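Here's the structure we're looking at; comments come further down.
The values are calculated or read from the model by the stated rules, or taken from the named source; none is laboratory data. Given the structure is predicted, the values throughout are model-derived calculations rather than measurements. Neighbour counts run over all protein chains shown; Cβ positions are idealised from the backbone, glycine included. Remember, those area values only see protein heavy atoms, side chains included, never the ligands or the DNA or RNA. Shrake-Rupley method; radii C 1.70, N 1.55, O 1.52, S 1.80 Å.
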Amino acid sequence: MSLILFAFVARARDGLPLSASTDFEHNQELQERKHQLRMLSKCLPLCPERGTIKGHDLNIYFTSAEGVSYMAICSSRLPIATAFCFLEDLRWEFTACFDSATVALANRPYPFLEFDSIIQKVKQQYSQAGGPRNGTRLAKVQEELKARPPRLLSFEEMMQSNGEANGHVDPVPGCGLSPRLEPVTAPGILSLVLNIMCASLNLIRGVHLIEYTFQDDYEGIWNVIAFLTAFTCCLCQCYLYLFYTSLKKPKTFSLLTLIILCNVYLYGLRNVWQLIFHIAVATLSTYLTLSRGLLDRMMDCGV
């Protein structure tokens, strides 16, 4: 197996994929690293110039220069200096073929697929020779890495710093690859209808109690607050299911907890079956919201 498995070139400001190597390897860790690489490409403006994300057998290396980021998935057995030398060679080849204006004007994914042949040529050279033919080039990269070592990144920490949770990333402003959720399912539509029904019941009961609260010196004010809080939470659950948002998991569980607490507090104004109904609807909505993932964009596009 080659020590350099996959190479990827992206525009740094918005992560637009420009070119990628043909994928000949198919194993689970490689697919996971490719997914991480795609996520990484979406938050390049927040990343250092050089970085490494380590895995079990495969590592991700990336370097950015002149508005373009060069990334590679390599075996952990490959020396770090060799991996970054490979990326430097890709950079020299890419800048020789495409100028910065051409890169800036690109408006669709993979506009430079013809660069794949050059990537394959450089990969083959490294596979056969075990490194660059020019030893001076490697020595220079080693010196640069000693002076400015690449930052070792944790994928989870990096994604969280960019506002990601549960494997979702906030879209980078100006990026044409903003996250899209999977299509709404039939159970999802049912959940939305039931949530709207629960919200309506909470609103009606809350507004109805306001009149009696004013007459009884605000004795039932907390009941009104509980009904209106439950009403707001139901609407927020609908929003979280329909639209993408960061930190989805803590937001979803917080809403579920609030709905349960409000309904427990309202025990007496509602019978047991009504409480079970409201809590069950909130639980179903929570499950469907968390299980609705991002739409796979198939960023490989056959390469």
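Applying 1/(1 + (r/R0)^6) with R0 = 51 Å to the Cβ-Cβ distance of TRP222 and ARG137, what FRET efficiency is obtained, to the nearest 0.05? Result of the calculation: an efficiency of 0.10. If the chain linking GLN28 and THR95 were pulled fully straight, counting 0.36 nm for each residue of separation and taking away their Cα-Cα distance, it would gain 20.8 nm.
A 1.4 Å probe, protein heavy atoms only, puts the accessible area of TRP92 near 140 Å². Atom-type composition of the exposed protein surface of region 27-99 places 50 percent of the accessible area on carbon and sulfur (1.4 angstrom probe). The mean accessible area for residues of region 13-91, using a 1.4 Å probe and ignoring ligands and nucleic acids, is 34 Å² per residue.
The simple spin-label model puts a point 7 Å past each Cα toward its Cβ; for HIS56 and ILE276 those points are separated by 4.4 nm. Expressed in units of 2.2 N^0.38 Å, where N is the residue count, the Cα radius of gyration of region 1-139 is 0.97. Think of each Lys and Arg Cβ as +1 and each Asp and Glu Cβ as -1; about the Cα centre, that makes the dipole of region 1-152 roughly 300 debye. For trypsin sites (Lys or Arg not before Pro), the sites in region 1-54 that DSSP calls loop and that have at most 15 other Cβ atoms within 10 Å are LYS54.
For LYS34, the lysines whose Cα comes closer than 16 Å to its Cα, not counting residues fewer than 8 places off in the same chain, are LYS42, LYS54.
Apply the Debye scattering formula to region 27-106, with a single equal point scatterer on each alpha-carbon and no solvent, then give log10 I(q)/I(0) at q = 0.11, 0.23, 0.26, 0.27 Å⁻¹. Listed by q, the Debye log ratios stand at -0.30, -1.14, -1.30, -1.34. Region 5-40 and region 259-287 have Cα centres lying 45 Å from one another.
Residue farthest toward the positive end of the dipole of region 1-88, with Cβ of Lys/Arg at +1 and Asp/Glu at -1: which of ALA65, PHE86, PRO45? Of the candidates, PRO45 comes out farthest on the positive side.
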